[in-house]
Amino acid sequence: MDSKLERFRTMFLDECDEHGRTLERTLTALQRGARNHDLVDDAFRAIHSIKGGAGMFGFDRIVPFAHVFETVLDGVRAGRIPISEELMTAALRAADCLADLILAAGSNTDLAAGYENMMLGTLARLAGITVADSPAGGTSRVNATEDAPPGEMERWSIQFFPHRGLLKRANEPLFIVRQLQELGTLAVTADLSVLPPFAQLQPADAYLGWSFELETARGEAAIREIFQFVEDDCDLSITQVLPVMAAAEADPAAAVPHETMAEPMTSTIRVDIDRIDRLVNLAGEIAISQALVAQLIDQSLFNANPRLFQELSQLLTHTQNLQDSVMAIRAQPIRTIFDRMPRLVRELAEQTGKKIVLRTAGENTEIDKTVIEQLSDPIMHMIRNAAGHGIEDSAERVVSGKPAEGLIHLSAEQRGSRIVIEIGDDGRGIDREKVRHKAVAKNLISADSVLSTEDIDNLIFLPGFSTADKVTSISGRGVGMDVVKRNIQKLGGRVNVRSEPGRGSTVVLTLPLTLAVLEGMIVRVAGESYVIPIASIVECRASWQKDVGEVAGFGEVLKVRGSYVALVHLNRVFGSAAAACKQQSVAIIAEIEGGGHIGLVVDEIVGQQQVVIKSITDNLDPVAGIAGATILGDGRVALILDATEISKINASRAKAAWHSLNSENARRNVA
Amino acid sequence: MIGKRRITDYDDLPGPIPAPEDADVQQFVSFIVGEQHYCVDIMAVREIKAWTGTTSLPNTQAYIRGVINLRGAIVPVVDLRMRFGQGLTAPTPAHVVVIVAIGEAQSGLLVDGVSDIVTVPRKDIAAIPDLEGEERNPFFSGLVTGQDSLMAVLALDQLVSQRIAGHLSTSTAA
């Protein structure tokens, strides 16, 4: 029983996360000037759902906060509270605050008492001010002092528009309003749309209409009773507002009942990720099996039965579609990350005292869930960087003729089988002189190395590189871009930066659509096929033999553009030690973690293809230098190489060799 | 050779295997490595495949012949002859890989051929005799008598990696 409740609680917290993002998205749009009923409605619904769920699970710090927040949004929705910059800024802060409350509730920690009080005060004040100052006239509001738990109270939307002659029949709308007020919490908005200019006004005619929002437990009959004497002299509609529904409009069609808790528009189910992974694997298997079958069927069979070919190509199409659809299940819109960034930017702007706007694009780009989970930190890091280093102070910006507000843009798009994410700013750009100077000072490059501007820009990804003059909490803790680069490489992606001095810089992340598939180079070593991830390959050298040098106690090195990289003959590491270098052998220069390179000599390059990554550790101990395995088109297993691990093996061998050389020397000296 | 049918592929498995009615008997799949007969609990056997080659794994123990693709899973193949210290098998298409489950993991055993399915009363499973002054062979858990030969029962968890064996012992302890 307990575990069931726990499960619902977790589900609620998950949902809160989604609602939080909705809130963030809609409020941000409103703050930027979008005026759309749906946005306000979405925001209102999000808060309302949070409030309802929080009440159910007894998160009693969330409920009152959400209630006030909801009241404000409700006012906005009904047009009583005008949307102002101040209001939206406060609302966004309140959303952050609410997120903190939810987080605290979820992790069973208590925030300091009164943490939310200031925000609560601001919200209430804003709601209050706007009500009092509201120029619309005829607006009044009675706030519920106690919080009504959802469910017991019903919300009613009442549209009351008297016919012209209502007053002549001795009816008084004010009485009706007062009677309604006695039923519960009432919000009234006057409709002045048919009010004629003063000169044409007939004092005995009724011109005003009203729409009421009533929270009451008394039911429809009690409301109808109030209107019984005026029913024939007015247009009247009384509709119940269901909890997650918006029905501020007079249109009764808007009041079509919905399921209470479900998010309208999308219907989703929550599925255990393991089940989906199993499906992804199986779909991959089917694709491989069907390729095998296609290879086994030879031409004579096709000639004997022409339909075979037709059916087989059908199968091919279906398998491909199946695989795509299954992959799509794992895919999630990158919005889940992007929606968290406005808050970060707001906080950064506050901390740095700079004015920064975040603009995002391509939030609906879909990417594998696992990739998304691991993207959040790198993106946050780069936004911190942009705010900390890239964007200048307002004063400095104005001097250089830019708008005082700095701009950070964050975008995602799919290009072929890869996702490209760009994080850019319109700040000062990379100071190449400074970067170069620093790289030399830190011994990362030699003073006389010839580098293109692009090369210099990309120096910022070297380990231990940080251009911040002082260490701040925002950026520049020395664990900078190299960590970002490493994390992205782990995902099979690549990082690049382009920069224009004075105009800003943009970091470009290129990522695979999924972690289950890898773009690999197929190579042959000692009669076996191996896969080297394309993402790690820098270049391939056909005639490398002339650039090889031997370093005593270290082994062979290869000269690559002025610097030397360790050279590993894979056939010596993986095959028999005596295997000779073949004539057509190729040296593949691969990047390793930490920024170095390694040269891998392979017998030949077979080709390039996407491979499905399989774990070898399900049935086996981890094997040094092997990251995983895949199954090639012929059904054989090919191992996926881990350049970093191979480099480590090589280094430890070299060290051992050096050690024995030293000790031998020492022995000789003793002798 | 032994006058028994050599099973080279699972297609040739003799019909449906009658399930032992009473719990007093245990069934084993027996196979040959060199001149020796060995057997494993039939419940551990997943399937029997003809040898079709492996992808060799660098930098591992010599008795791991490499890995094969078993319907999408990457499964290691242990050369039993090598495991018992009798040198590498020179496999031919007539050689057989017995796929066994060891806990959650799967492993292939390269043997010369599968010979039979034997049903043995539990009371007839003998312990490995303690040899004077020598450590007991960890690869075997008992001895059974087949129709005309003595067979050692393989202790599968001892044949494979320490990690998987370690995992097994912790999971059974828990």
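Among A:Val40, A:Val76, which is the only one that is of a type in the set (Val, Ile, Thr), at pLDDT 80 or above and either touching a Pro at 6+ places or on another chain (Cβ under 9 Å) or under 17 Å from A:Gly106 (Cβ atoms) (or both)?
From the options A:Val40, A:Val76, the qualifying one is A:Val76.
Which of the helices (runs of 4 or more DSSP H) contained wholly in segment A:339-435 include at least 3 residues that are closer than 16 Å to A:Val508 by Cα?
A:369-385
Considering each residue of segment A:602-620, count those that are out of contact with any Cys (no Cβ under 7 Å at 6 or more places or on another chain) and more than 8 Å from chain B (Cβ to nearest Cβ), and give that number.
Adding up the residues that qualify gives 12.
Quick check on segment A:621-631. Is at least one of its residues within 12 Å of chain B (Cβ to nearest Cβ), touching a residue at least 40 places away in the same chain (Cβ under 8 Å), under 23 Å from B:Ile102 (Cα atoms) and of a type in the set (S, T, N, Q)?
yes
Take the residues in segment A:433-462 that are surrounded by 11 or more Cβ atoms within 10 Å (Cβ to Cβ) and free of Cβ contacts under 8 Å to residues at least 12 places away in the same chain, then tell me which one is nearest to A:His381 (Cα to Cα).
A:Asp455
Could you please find all residues in segment A:487-526 being farther than 17 Å from A:Ala386 by Cβ and over 19 Å from the mean Cα position of the chain (by Cα)?
A:Ala516, A:Val517, A:Leu518, A:Glu519, A:Gly520, A:Met521, A:Ile522, A:Val523, A:Arg524, A:Val525, A:Ala526
Only one residue in A:Ala535, A:Ala516 is under 30 Å from A:Asn364 (Cβ atoms), at pLDDT below 85, within 14 Å of chain B (Cβ to nearest Cβ) and surrounded by fewer than 23 Cβ atoms within 10 Å (Cβ to Cβ). Which one?
Of the residues listed, the single one that is under 30 Å from A:Asn364 (Cβ atoms), at pLDDT below 85, within 14 Å of chain B (Cβ to nearest Cβ) and surrounded by fewer than 23 Cβ atoms within 10 Å (Cβ to Cβ) is A:Ala516.
Which condition number in (1) surrounded by fewer than 18 Cβ atoms within 10 Å (Cβ to Cβ); (2) of a type outside the set (Phe, Trp, Tyr); (3) within 19 Å of B:Arg46 (Cβ to Cβ); (4) more than 7 Å from chain A (Cβ to nearest Cβ) is the one that B:Arg71 fails?
The one condition B:Arg71 does not meet is (4).
Which residue is modelled with the lowest pLDDT, if the candidates are limited to segment A:270-284 and must be part of a helix (DSSP H, G or I) and surrounded by fewer than 17 Cβ atoms within 10 Å (Cβ to Cβ)?
A:Asn281
Report whether or not A:Leu103 is free of Cβ contacts under 8 Å to residues at least 12 places away in the same chain, part of a helix (DSSP H, G or I) and outside the structural domain of A:Val345 (by TED's automatic domain parsing).
Yes; evaluated as a whole, the condition is true for this residue.
Of everything in segment B:76-123 that's closer than 25 Å to B:Gln27 by Cβ, among the hydroxyl-bearing types (Ser, Thr, Tyr) and more than 14 Å from chain A (Cβ to nearest Cβ), which residue is surrounded by the most Cβ atoms within 10 Å (Cβ to Cβ)?
B:Ser115
When residues of segment A:308-352 are filtered for being of a type in the set (D, E, K, R) and more than 19 Å from A:Leu410 (Cα to Cα), how many remain?
Total meeting the criteria: 4.
Test each condition in (1) within 30 Å of A:Leu661 (Cβ to Cβ); (2) in the same structural domain as A:Ile423 (by TED's automatic domain parsing) for A:Phe554 and report the one that comes out false.
(2)
Evaluate the following for A:Gly52: is it touching a strand residue (DSSP E or B) at 6+ places or on another chain (Cβ under 8 Å) and either assigned by TED's automatic domain parsing to the domain that holds A:Glu6 or not in a loop (DSSP other than H, G, I, E, B) (or both)?
So A:Gly52 fits the description; yes.
Can you name the number of the only condition in (1) surrounded by 23 or more Cβ atoms within 10 Å (Cβ to Cβ); (2) within 9 Å of chain B (Cβ to nearest Cβ); (3) over 17 Å from A:Pro533 (Cβ atoms) that A:Gly635 fails?
Result: A:Gly635 fails condition (1) only.
Among the residues of segment A:641-652, write down those that are surrounded by fewer than 22 Cβ atoms within 10 Å (Cβ to Cβ) and within 11 Å of chain B (Cβ to nearest Cβ).
If the condition is that a residue be surrounded by fewer than 22 Cβ atoms within 10 Å (Cβ to Cβ) and within 11 Å of chain B (Cβ to nearest Cβ), then A:Glu645, A:Ile649 are the ones that fit.
In this structure, is A:Ile81 among the aliphatic types (A, V, I, L, M) and outside any helix (DSSP H, G or I)?
Yes, satisfied.
Are any residues in segment B:100-115 at pLDDT 85 or above and touching a strand residue (DSSP E or B) at 6+ places or on another chain (Cβ under 9 Å), and if so, which ones?
B:Val100, B:Ala101, B:Ala105, B:Gln106, B:Ser107, B:Gly108, B:Leu109, B:Leu110, B:Val111, B:Asp112, B:Gly113, B:Val114
Can you tell me which residue is farthest from the other protein chains (Cβ to nearest Cβ) among those in segment B:33-68 that are under 21 Å from A:Val573 (Cβ atoms) and surrounded by fewer than 16 Cβ atoms within 10 Å (Cβ to Cβ)?
Here the residue is B:Ala62.
The values are calculated or read from the model by the stated rules, or taken from the named source; none is laboratory data. Just so we're clear, the structure is a prediction, and the values are computed from it rather than from any experiment. Note that we place each Cβ from the backbone using ideal geometry, even for glycine, and neighbour counts take in every protein chain shown.
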